[in-house]
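Take a look at the structure set out below.
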Amino acid sequence: MSVIVFADTRGAKVAKSALETLTYGRKLANKEGTTLTLATFGDAPADRLAALDANKVTVARNIGDADNQQLARFVADVAAKEGAKWVICSHDDTGKAVAPRVAARLKAGEVAGATTLPNEQGHIKRNVFSGKAQAWVELKTPVKVVSLLPNSIPVEAAQGTATVEEFTGDTGTAKVTVKEVRKAGEGIPLPEAEIVVSAGRGMKGPENWGLVEELAKELHAATACSRPVSDMDWRPHHEHVGQTGLAIRPNLYIAIGISGAIQHLAGVNGSKVICVINNDPEAPFFKAADYGIVGDAFQVLPKLIEAAKKLNAEK
Amino acid sequence: MKILVLISHVPDTTARIAFTNDNTAYDANGVQFIVNPYDEWYALVRALELKEAQGGSVTTITVGGAATEPTIRKALAIGADDAVRVDAEPKDGHDVAVQVAAYAKDKGFDLVLAGKETIDHNGSQVGPMVAELLELPFISLAAKLDVAGGKATAERDVRGDVEVVECALPLVVSCAKGMAEQRIPNMRGIMAARTKPLQVVPAVASEALSTSVKFELPPPKQAVKLIPAEEAGKLIELLHTEAKVI
């Protein structure tokens, strides 16, 4: 019996979401009095993997993230070998596809987008109705799969001395292949951003986004927008946050010239702190905000940029 | 090309969220139900565009009781050719996937499209589970999808980049923003939908692997702290010293 964590360890450094799943897995393993095995893939150097907080690391060197069928076979195989009771993934772009496949493959119950560890009854909390409510979920199966919503638990990074072994099982050939990756450029990717500066129709036109971008730059934030703004092609659609766009949960969300329709709130209500800047004091967004400024964006933004510059100089 | 689109019946995006029976069940009393927006705007409309360009058929499938039929008729009014309703209340994501896979198996669908998630349970489970149960490849979060020469090409917005992936048919795809524009059904579509085939099939045996045992509403938000516009710079200070987020 053990706890398996499946995480993406590629890239310049191990992603925060991967470290979160390891923290979650470690806490579960301690509770169950068992060991933690990390199942990962790709080219991360063995010494980096050994330093992660796992008892054992199994790395599949020859599979990528494009084919979730291969990844699910790999994870299910490791889970079977280790006699896993829990399989933990991140609820990120890869984990969202792999976790349900693993659950179906193992006929295991799954909590998708968990925000807590199991409580005393073994129930796990997750967001439902686009963050407008939460549900406690009971898993009835001997093997349980959890995909952990990013930014739900703090990372407690411990120095590990894991044994690293290479996975030699058969996962078939990749049916989905990557033809091309178009890099988005310099900015911080929106789903991973801790601070997001977002703007709506109140900015009056795409030519005015310089102010939004400047504030984002000073705060080391990603930029986002409301649905009308992406529908009018003022901004690219991957910046659209809301019910039908991207759901994000940064530490700080600053909304400028966005009224705060219920569909927009559904995409941002997981943010820890919300600031709203709007010239309409009746804008519904103020009801969901922690801080607010009633005022004209074109007058308020330069003041914010100036204050942020001052703060950066002091830091 | 034979396309199957998964249609979920969900409360309207603006519906009041409340629970009943000691917070163990969603209170659907007086709530308007709609086609899950991701299933409708992105999966269904793109399926129709592909059919219009290349020929074939678009079938929808929904797991639910008779109360879901107006939602299914809406999907038919938008342009699906026919619909299937698996006659059972969905128990969990896995149960829905088992029902869909049981129907789709041996029907020869080239493409199975789903929205990236539903706006009620938000699990993103059914698409990948159907793929696993049918032993098919799965492309998640597609923002663009094209099919040519027996091959699907999709663009995915992942980690802030755009990833272009390719896969031979058949496969399952989950659809996100960017895929298609919303279509409003016209009167002809609504009339035609009334007589389009809606087949009701019995559910196969399947048990719930997970249960939502209790629902909670988030605690009410504290009143907003307003900062005068002339002193806007103070907001940055408060975010640094009080909220400690910058």
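Bear in mind that the values in this text are calculations on the coordinates, not laboratory data. Everything quoted here is computed from the prediction, not taken from an experiment. All Cβ positions, even for glycine, are placed from backbone atoms using ideal geometry, and neighbour counts span all protein chains on display.
How far, in degrees from 0 to 90, does helix B:69-78 lean away from the longest principal axis of the Cα atoms of chain B, to the nearest 10? Long axis of B:69-78 versus the principal axis of chain B: about 80 degrees. Cβ-to-Cβ counts within 10 Å put A:209, A:234, A:86 in ascending order as A:209, A:234, A:86, the fewest first.
Distance from the C-alpha centroid of the range B:193-225 to that of the range B:102-130: 15 Å, rounded to the whole angstrom.
Can you show me the helix-derived [θ] at 222 nm for chain A, built from DSSP H runs with n ≥ 4 at -39,500 (n - 2.57) apiece and divided by the number of residues, rounded to the nearest 500. The per-residue figure over chain A is -8500 deg cm²/dmol. The fewest-to-most ranking of A:23, B:211 by surrounding Cβ atoms within 10 Å reads B:211, A:23.
Using a ≥ b ≥ c from the Cα gyration tensor of the range A:2-166 (square roots of the eigenvalues), is it rounded, prolate or oblate, where a/c under 1.5 gives rounded and otherwise the larger of a/b and b/c decides, a/b for prolate? Rounded. Helix A:95-106 and the longest principal axis of the C-alpha atoms of chain A enclose an angle of approximately 30°. When shorter helices are ignored and each DSSP H run of at least 4 residues is given -39500 (n - 2.57), the per-residue value for chain B at 222 nm works out to -7000 deg cm²/dmol. The calculated pair-distance distribution of the protein assembly as shown uses every alpha carbon pair, bins of 10 angstrom beginning at 0, and gives 4, 18, 27, 27, 18, 6, 1, 0 percent. Ordered by the number of other Cβ atoms lying within 10 Å of each residue's own Cβ, fewest first, A:282, A:166 fall into the sequence A:282, A:166. Give me the Kirkwood hydrodynamic radius of the range A:190-314 in Å, from all C-alpha pairs, to one decimal place? After inverting the pairwise mean of 1/r, the radius is 14.1 Å.
Sites listed here are trypsin sites (Lys or Arg not before Pro) in the range A:198-262 whose DSSP assignment is loop and whose Cβ has at most 16 other Cβ atoms within 10 Å: A:204. Under 5 Å from the amide H of residue A:144 lie the amide H atoms of A:86, A:87, each residue being 5 or more positions distant or on a separate chain, with H modelled from the backbone and absent for Pro and chain starts.
Derived scalar couplings between HN and Hα for the range A:20-25 equal 4, 5, 5, 4, 4, x Hz in order, rounded to whole Hz, by the Karplus curve 6.51 cos²θ - 1.76 cosθ + 1.60 (θ = phi - 60°), x for Gly and Pro. For the range A:13-54, a/c is not less than 1.5, where a ≥ b ≥ c are the root eigenvalues of the C-alpha gyration tensor, and a/b tops b/c. That puts it in the prolate class.
Report the local net charge at residue B:236: Lys and Arg +1, Asp and Glu -1, summed over other residues whose C-beta lies under 15 Å from its C-beta. Surrounding charge for residue B:236 is -1.
Under 5 Å from the amide H of residue A:114 lie the amide H atoms of A:147, A:148, A:149, each residue being 5 or more positions distant or on a separate chain, with H modelled from the backbone and absent for Pro and chain starts. Each DSSP beta bridge with both residues in the protein assembly as shown is either parallel or antiparallel, and the antiparallel ones are about 30%.
Other protein chain C-beta atoms within 10 Å of residue C-beta, averaged over B:215-223: 4.
Using Cα centres only, tell me the gap between the range A:36-82 and the range A:181-232 in whole Å. Between the Cα centres of the range A:36-82 and the range A:181-232 lies a distance of 35 Å. DSSP beta bridges in the range B:6-128, what fraction antiparallel, as a percent rounded to 5? Here the share of antiparallel DSSP bridges comes out near 45 percent. Looking at the range A:2-166 alone, DSSP beta bridges between its own residues are antiparallel in about 20 percent of cases. Taking Lys and Arg as +1 and Asp and Glu as -1, the other residues whose beta-carbon sits under 15 Å from that of residue A:207 total 0.
Pairs from the table (A:96/A:132; A:125/A:217; A:13/B:234; A:315/B:225) lying more than 32 angstrom apart at Cα are A:125/A:217; A:13/B:234.
Note on the range B:84-98 and the range A:133-162: Cα centroid distance 26 Å, given to the nearest whole angstrom. Quick one: grab the alpha carbon gyration tensor of chain A, order the square roots of its eigenvalues as a ≥ b ≥ c, and give me rounded if a/c is under 1.5, else prolate or oblate depending on whether a/b is larger than b/c. It is prolate, given that a/c is not under 1.5 and a/b is the larger ratio.
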